[in-house]
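For reference, the structure discussed in these notes is given below.
The values are calculated or read from the model by the stated rules, or taken from the named source; none is laboratory data. Nothing here was measured: the structure is a model prediction, and the numbers come from that model. Cβ: placed from backbone, ideal geometry, glycine included. Neighbour counts: every protein chain shown.
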Amino acid sequence: MVEGTPKLELLSDVYAICRLDAEAAVPGWGMQGTFWSITRTPEELSVVCPECRVPSGVKKEGGWRILMVEGPLDLSSTGVLASLVGPLAREGISVFALSTYDTDYLMVNREQLERTIETLVEEGHGVERRSQQPRY
């Protein structure tokens with residue numbers, strides 16, 4: 001069960017989700033900035049990083065904002081992501097979720113950001129915005 005209502009913090013940068021070939025080397029540009037994530041599967045190499053770091057010609061979806069769940073979360077916690085993505089799914093808001101040892105991150109397209117925040121606040125979640133303006 002979810003203990004309390006998760007609080008979130010909106011990170012300041014604008015991010016891209018990139019797809020590279022499964023055999024591609026991990027790119028240096030993908031490991032720059034304050035937040036980045038790299039996942040390799042047999043089918044692909046996915047890179048999440050600040051959009052401004054992605055070179056032209058790379059297959060990407062840009063314009064994503066990140067909401068970080070206040071943590072650390074206990075690894076045995078259940079229902080945290082469900083309490084966040086369930087209401088967003090009902091509103092037709094697409095989410096790209098990432099998890100780390102300490103917490104969860106929700107990526108939403110910047111065009112849906114305000115609607116996302118409104119929906120989460122209506123569900124009782126607090127959302128804090130960092131004072132730094134995003135770099136587009």
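Some points to look at:
- Among the residues of the range 43-72, those that are basic (Lys, Arg), over 26 Å from residue 126 (Cα atoms) and either at pLDDT below 95 or crowded, with 19+ Cβ neighbours inside 10 Å (or both) comprise 53, 60.
- Filter pass, residue 34 being closer than 20 Å to residue 95 by Cβ and surrounded by fewer than 15 Cβ atoms within 10 Å (Cβ to Cβ): no
- Within the range 101-117, the residues that satisfy the criterion of being surrounded by fewer than 16 Cβ atoms within 10 Å (Cβ to Cβ) and either assigned to a loop (DSSP other than H, G, I, E, B) or at pLDDT below 95 (or both) are 101, 102.
- Restricting 81, 98, 88 to those that are touching a Ser or Thr at 6+ places or on another chain (Cβ under 7 Å) and either assigned to a helix (DSSP H, G or I) or not hydrophobic (A, V, I, L, M, F, W, C) (or both) reduces the list to 88.
- Here the strands (runs of 3 or more DSSP E) wholly within the range 1-51 that include at least 2 residues being touching a helix residue (DSSP H, G or I) at 6+ places or on another chain (Cβ under 7 Å) are 15-21, 44-50.
- Qualifying residues in the range 26-42 (those that are farther than 15 Å from residue 100 by Cβ and modelled with pLDDT under 95) - the one nearest to the chain's Cα centre (by Cα): 33
- Single condition residue 22 does not satisfy, out of (1) under 16 Å from the mean Cα position of the chain (by Cα); (2) modelled with pLDDT of 95 or more: (1)
- Cβ separations smaller than 7 Å between residues 6+ apart or across chains give the following pairs from the range 1-18 residues that are within 16 Å of residue 128 (Cβ to Cβ) and among the basic types (Lys, Arg) to residues that are at pLDDT below 90 and surrounded by fewer than 21 Cβ atoms within 10 Å (Cβ to Cβ): 7/70; 7/125; 7/126.
- Answer residue from the range 118-128, given it is in contact with a strand residue (DSSP E or B) (Cβ under 7 Å, 6 or more places away or on another chain) and in a helix (DSSP H, G or I) and is surrounded by the fewest Cβ atoms within 10 Å (Cβ to Cβ) among those: 121
- Within the range 82-96, the set of residues being of a type in the set (A, V, I, L, M) and modelled with pLDDT of 95 or more comprises 88, 89, 93, 95.
- When restricted to residues that are more than 23 Å from residue 11 (Cβ to Cβ) and of a type outside the set (Lys, Arg), the range 21-61 contains 11.
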